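Undergrad: Below you'll find the structure I mean.
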Amino acid sequence: MILLLQGTTTYIEDKVRKFKIENYLEIIENVKDLKLALETANIASNRHKKLLLKCLLKNYNYEDLKSHKLFEDYTINQDKTAIIHKSYESEIKFKFEPISFTSCFFK
């Protein structure tokens, strides 16, 4: 039973990782449950914020970004390869590639 649940959880996590904003909007519109709709919106906003921050970090120097309010809840690790949320201690790893302007689109 536990293996089945773990497999199901992994399957769901894999599907959620591939969600686009349209998927979140569809859930919010159709769920008809305020708490679930709010949690879905929260997950979507957190996920998309992380993707946007990672894109900024790949293309611009952290020193130039850190004073913006988007980064106020984060600090950078010692080797400058990740930013860490001050409260949740979750990491956003990145590789800064100056001048190249790395694409942030996923394939």
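Undergrad: Within a 10 angstrom radius of the beta carbon, how do Thr40, Thr75 rank from fewest other beta carbons to most?
TA: The fewest-first ordering by Cβ neighbours comes to Thr75, Thr40.
Undergrad: Here is the link list: Lys18/Lys86; Lys18/Lys93; Lys66/Lys86; Lys20/Lys95; Lys18/Lys58; Lys35/Lys95. Which ones come out longer than 25 Å on Cα distance?
TA: Among Lys18/Lys86; Lys18/Lys93; Lys66/Lys86; Lys20/Lys95; Lys18/Lys58; Lys35/Lys95, the Cα-Cα distance tops 25 Å for Lys18/Lys86; Lys35/Lys95.
Values in this text are rule-based calculations from the coordinates and carry no lab data. The model shown is predicted, which means the values in this text are computed figures rather than measured ones. All Cβ positions, even for glycine, are placed from backbone atoms using ideal geometry, and neighbour counts span all protein chains on display.
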